[in-house]
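Report on the following structure.
The values are calculated or read from the model by the stated rules, or taken from the named source; none is laboratory data. Small disclaimer: the values here were computed from a predicted structure and weren't measured. Here the Cβ positions follow ideal geometry from the backbone for every residue, glycine too, while neighbour counts run over all protein chains shown. For the accessible areas, the whole protein counts, side chains as well, though only heavy atoms, and no ligand, DNA or RNA atoms are used. Shrake-Rupley method; radii C 1.70, N 1.55, O 1.52, S 1.80 Å.
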Amino acid sequence: TEVATMMGVSTTEIISACMSLGLMVTMNQRLDAETLSIVAEEFGYEVDFVTADIEESIVEVKDAPEDLEPRAPIVTVMGHVDHGKTSLLDYIRKENVIAGESGGITQHIGAYGVTLENGESIAFLDTPGHEAFTAMRARGAQVTDIAIIVVAADDDIMPQTKEAISHAQAAGVPIVFAINKIDKSTANPDKIKEGLAQMNLLVEDWGGKIQSHDISAKTGLGVKELLEKVLLEAEILELKANPNKLATGTVVEAFLDKGKGYVSTVLVQSGTLKIGDYVLAGTTSGKIKAMQDERGNLVTKVGPSRPISILGLDGASQAGDKFYVLEDEREAKQIASRRSQLQREQSVRAQRHITLDEIGRRIALGEFKELNIILKGDVDGSVEALTDSFQKLSTDEIQVNIIHKAVGPITESDVLLASASDAVIIGFNVRPMGNAKAIAEKEEIDIRMYSIIYAAINDLKDAMEGMLSPVM
Ligand code: GDP
């Protein structure tokens with residue numbers, strides 16, 4: 001019946017289609033992927049619903065509240081270049097050693113966990129920056145619980161600082177600010193906090209709710225307190241997972257090692273991952289042969305919020321791919337190969353994103369409630385003027401959200417954010433830079449460029465009223 005609804009045909013039609021294929025089925029019977037694909041084909045629906053069905057067959061069961069246990073937060077460090085992201089991650093890596101365990105973190109596996117003196121743990125994604133964060137999100141992976149945004153106190157709130165803030169906010173991930181380099185004589189943390197306040201981001205010292213701490217990633221000053229604030233933020237989030245089931249999580253990185261074969265680092269997000277488990281990750285699958293943590297220890301099982309490097313997958317999955325443990329090795333293999341077949345057939349069909357032309361139609365269907373816009377312009381004045389005018393276009397039916405605005409060209413990072421947040425990019429007297437255009441085409445992101453303010457406003461207005469005439 002579900003299939004019928006999805007395809008917009010009647011259940012009887014499906015049943016008779018099955019019968020004409022020599023299959024006896026009943027109304028509420030679950031069709032397997034194979035049958036479904038054939039039936040869907042009969043109605044001209046080939047691939048999309050097959051994919052949906054594959055994903056459906058591995059859908060996670062909702063956990064009962066009593067099965068949930070607290071889990072450690074997963075943290076990404078973001079910020080402007082040279083403000084100290086790598087230094088902070090390095091300092092934490094070197095200085096925090098699990099109580100009673102000798103030796104620090106020796107392996108680079110793309111993520112690592114630390115346990116603080118009070119026994120609480122934090123997992124860090126070891127690829128700093130909002131590009132990696134948003135690239136994962138564009139692939140549908142929401143891994144990060146909390147973002148640490150590093151701002152150098154001897155500098156200003158810079159373009160990438162603002163980007164990082166927008167990216168974290170668009171993902172709904174709480175921010176803890178690390179005001180860095182306070183060991184320097186030129187450091188002026190108050191100036192940074194004032195700058196944040198001007199952006200409506202009030203940190204605690206300024207009477208706000210956003211946590212922030214002054215640190216030096218070089219000397220380690222304040223880092224411990226910063227991490228305590230991260231844990232405080234985590235407490236508010238009440239992060240929980242059920243450790244007593246088959247594991248699921250996300251791939252953080254994967255590569256081919258000449259000696260060992262395919263090595264993948266995954267982050268377990270729920271359940272417990274064990275040696276011998278059958279794993280499906282993107283278009284790859286396999287039985288886990290060995291697992292190694294960031295300290296080089298071989299382990300036999302790992303629970304939620306733990307990064308772990310695994311051996312045994314038959315290919316390199318991609319960062320951001322979800323992984324699942326399945327009961328049956330054959331099923332894992334089948335789904336993986338079906339997925340790669342689909343991917344070949346569709347030549348990695350990009351997800352369809354919103355375009356201005358389509359907005360009116362989607363609003364009319366009543367399925368579209370929020371229009372996300374990324375706004376880039378040549379000068380602050382025009383960006384602000386457009387922001388104001390766009391926001392005023394919000395109606396009862398549809399809310400216009402400017403999820404990121406900045407002065408400067410349209411960058412790759414803007415396109416990724418648009419992809420992850422299903423946004424339209426509007427450029428005022430600016431153009432796409434570097435790879436941005438190519439990626440936008442691949443991801444089917446609508447970029448509109450204007451040089452007259454009222455033309456931009458009118459287009460958006462028309463689009464929202466469903467009256468925009470298609471361009472070119
Ligand atoms: P990233 O680009 O954000 O990863 O920045 P890095 O961690 O590579 O740091 C950029 C530069 O700033 C390096 O030369 C660091 O040694 C220096 N740096 C980072 N943190 C501090 C700090 O707390 N104090 C001082 N004095 N220098 C720092």
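Residue by residue through the range 74-90, note down the ones that are small (Gly, Ala, Ser) and crowded, with 22+ Cβ neighbours inside 10 Å.
Gly79, Gly84, listed by residue number.
Table: residues versus (1) under 18 Å from Leu237 (Cβ atoms); (2) free of Cβ contacts under 8 Å to residues at least 24 places away in the same chain; (3) hydrophobic (A, V, I, L, M, F, W, C); (4) assigned to a helix (DSSP H, G or I).
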| residue | (1), (2), (3), (4) |
| --- | --- |
| Met136 | no, no, yes, yes |
| Asp156 | no, no, no, no |
| Ser166 | no, no, no, yes |
| Gln169 | yes, no, no, yes |
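Which ones in the range 182-203 are crowded, with 19+ Cβ neighbours inside 10 Å, aliphatic (A, V, I, L, M) and part of a helix (DSSP H, G or I)?
The answer is Ile192, Leu196.
If you take the residues of the range 138-154 that are away from the ligand (no atom under 11 Å from the Cβ) and assigned to a loop (DSSP other than H, G, I, E, B), which of them is surrounded by the fewest Cβ atoms within 10 Å (Cβ to Cβ)?
The residue in question is Gly140.
Of the conditions (1) small (Gly, Ala, Ser); (2) modelled with pLDDT of 85 or more; (3) away from the ligand (no atom under 15 Å from the Cβ), Gly103 satisfies every one except a single condition; which number is it?
Answer for Gly103: the failing condition is (2).
Exactly one of these conditions fails for Pro159: (1) within 14 Å of the ligand (Cβ to nearest atom); (2) open to solvent by 30 Å² or more (accessible area, probe 1.4 Å); (3) closer than 13 Å to Ile179 by Cα. Give me its number.
Pro159 satisfies every listed condition except (3).
Looking at the range 407-433, which of its residues are touching a residue at least 60 places away in the same chain (Cβ under 8 Å), open to solvent by less than 20 Å² (accessible area, probe 1.4 Å) and among the aliphatic types (A, V, I, L, M)?
Across the range 407-433, the qualifying residues are Leu417, Ala418, Ala423, Val424.
Give the range 204-215 a look and list any residue that's surrounded by fewer than 22 Cβ atoms within 10 Å (Cβ to Cβ), assigned to a loop (DSSP other than H, G, I, E, B) and more than 26 Å from the chain's Cα centre (by Cα), or say none.
Answer for the range 204-215, where residues must be surrounded by fewer than 22 Cβ atoms within 10 Å (Cβ to Cβ), assigned to a loop (DSSP other than H, G, I, E, B) and more than 26 Å from the chain's Cα centre (by Cα): Gly207, Gly208.
I need a count of the residues in the range 55-72 that are of a type in the set (Lys, Arg) and modelled with pLDDT under 80.
1
Could you please find all residues in the range 253-290 being open to solvent by 50 Å² or more (accessible area, probe 1.4 Å) and either in contact with a His (Cβ under 9 Å, 6 or more places away or on another chain) or within 24 Å of Pro70 (Cα to Cα) (or both)?
Answer for the range 253-290, where residues must be open to solvent by 50 Å² or more (accessible area, probe 1.4 Å) and either in contact with a His (Cβ under 9 Å, 6 or more places away or on another chain) or within 24 Å of Pro70 (Cα to Cα) (or both): Lys274, Ile275.
I need a count of the residues in the range 108-134 that are more than 16 Å from the ligand (Cβ to nearest atom), modelled with pLDDT of 85 or more, in a loop (DSSP other than H, G, I, E, B) and open to solvent by 40 Å² or more (accessible area, probe 1.4 Å).
Going through the range 108-134 one residue at a time, the tally reaches 2.
Restricting to the range 291-318, what's the tally of residues that are surrounded by fewer than 22 Cβ atoms within 10 Å (Cβ to Cβ), touching a residue at least 24 places away in the same chain (Cβ under 8 Å) and aliphatic (A, V, I, L, M)?
Residues in the range 291-318 being surrounded by fewer than 22 Cβ atoms within 10 Å (Cβ to Cβ), touching a residue at least 24 places away in the same chain (Cβ under 8 Å) and aliphatic (A, V, I, L, M): 2 in total.
Can you tell me which residue in the range 216-228 is farthest from the ligand (Cβ to nearest atom), limited to those that are among the aliphatic types (A, V, I, L, M) and surrounded by 19 or more Cβ atoms within 10 Å (Cβ to Cβ)?
Looking at the filtered set, the residue picked out is Leu227.
Taking Ala455 as meeting all but one of (1) modelled with pLDDT of 90 or more; (2) closer than 28 Å to Asn200 by Cα, write down the number of the exception.
Among (1) modelled with pLDDT of 90 or more; (2) closer than 28 Å to Asn200 by Cα, the lone unmet condition for Ala455 is (2).
Among the listed residues Ile373, Ile402, which satisfies the condition of being crowded, with 17+ Cβ neighbours inside 10 Å, in contact with a His (Cβ under 9 Å, 6 or more places away or on another chain) and modelled with pLDDT of 80 or more?
Only one candidate passes the filter, namely Ile373.
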